[in-house]
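The values are calculated or read from the model by the stated rules, or taken from the named source; none is laboratory data. Just so it is clear, the structure is predicted and the values come from calculations on it, not from any experiment. Note: ideal-geometry Cβ built from the backbone for every residue, glycine included; neighbour counts use all protein chains shown.
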Amino acid sequence: MLPLPTKFFVTSGKAVSKVSDLNAFDEALQNAGLAEQNIVSVSSVLPVGIKPVRRRDLPMGAITHCVLAQQRGGEGETVSAGIAYGFRDDGFGGYVAEGHMHGTKNSLREVMEWKMGEMAKLRGIKFRRIDYRIEELSIPWTTTEPVSRRSCSRVTNVRRRRLPSMQTGQGRGPEAKDNDMRVWV
């Protein structure tokens, strides 16, 4: 049986760096509480039965599966990045859409509404409701050096998932504990 996540949380962060895009991304992950994880991007299907939980501290070096939205920008620009997610009204899981743009949070939310609407139309479903996590940043004119911003948000959505093998203890080394979990960001 393939592993399925059972829990997730949503978080976000944003940052500006005078040094590099990498440093802005690192600080945004720090602000989202994910700087010490190994981020792995995944697509955007929420399995049947998955439950949202509060943001959790994750162990250093954890493989963290994540739907990630990010946007870079330069001095004087306004950038936004975020996600929208919703559960099907028929109870068969849900979906996440990520988005980013040079523009405002409100403009991005409108785009995200269109994306979620198109996802529902394509599948012939309706969402119970749609939740959003969108970050906006106006980058100041303070330097002639490169300035960048990245917003992480399940943008940084962390989805923590308990796998069947972890529940039974199969396939783990002697140091593993029954409370080990995988995560989705």
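Among the candidates SER107, SER80, SER12, single out the residue that is among the hydroxyl-bearing types (Ser, Thr, Tyr), surrounded by fewer than 22 Cβ atoms within 10 Å (Cβ to Cβ) and closer than 29 Å to SER138 by Cα.
Exactly one of SER107, SER80, SER12 is among the hydroxyl-bearing types (Ser, Thr, Tyr), surrounded by fewer than 22 Cβ atoms within 10 Å (Cβ to Cβ) and closer than 29 Å to SER138 by Cα, namely SER107.
Please tell me if ARG133 is closer than 23 Å to ASN31 by Cβ and in a loop (DSSP other than H, G, I, E, B).
On the way: closer than 23 Å to ASN31 by Cβ: yes; in a loop (DSSP other than H, G, I, E, B): no.
So ARG133 fails the test.
The rows are residues; the columns are (1) of a type in the set (Val, Ile, Thr); (2) at pLDDT below 95; (3) over 24 Å from ILE130 (Cα atoms).
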site: LEU4; (1), (2), (3): no, yes, no
site: LYS18; (1), (2), (3): no, yes, yes
site: ASP21; (1), (2), (3): no, yes, yes
site: GLU27; (1), (2), (3): no, no, yes
site: ASN38; (1), (2), (3): no, no, yes
site: SER43; (1), (2), (3): no, yes, no
site: LEU46; (1), (2), (3): no, no, no
site: ARG55; (1), (2), (3): no, yes, no
site: LEU58; (1), (2), (3): no, yes, yes
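Applying the selection to the stretch 59-77, what residues are among the hydrophobic types (A, V, I, L, M, F, W, C) and surrounded by fewer than 13 Cβ atoms within 10 Å (Cβ to Cβ)?
Correct list: MET60, ILE63.
Looking at ILE39, ILE50, which one is among the hydrophobic types (A, V, I, L, M, F, W, C), buried (at least 16 other Cβ atoms within 10 Å of the Cβ) and either at positive phi or within 12 Å of the chain's Cα centre (by Cα) (or both)? Spell out the reasoning first.
On the way: ILE50 fails: either at positive phi or within 12 Å of the chain's Cα centre (by Cα) (or both).
Residue meeting the stated conditions: ILE39.
Of everything in the stretch 83-97 that's surrounded by fewer than 17 Cβ atoms within 10 Å (Cβ to Cβ) and of a type in the set (Gly, Ala, Ser), which residue is nearest to the chain's Cα centre (by Cα)?
GLY93
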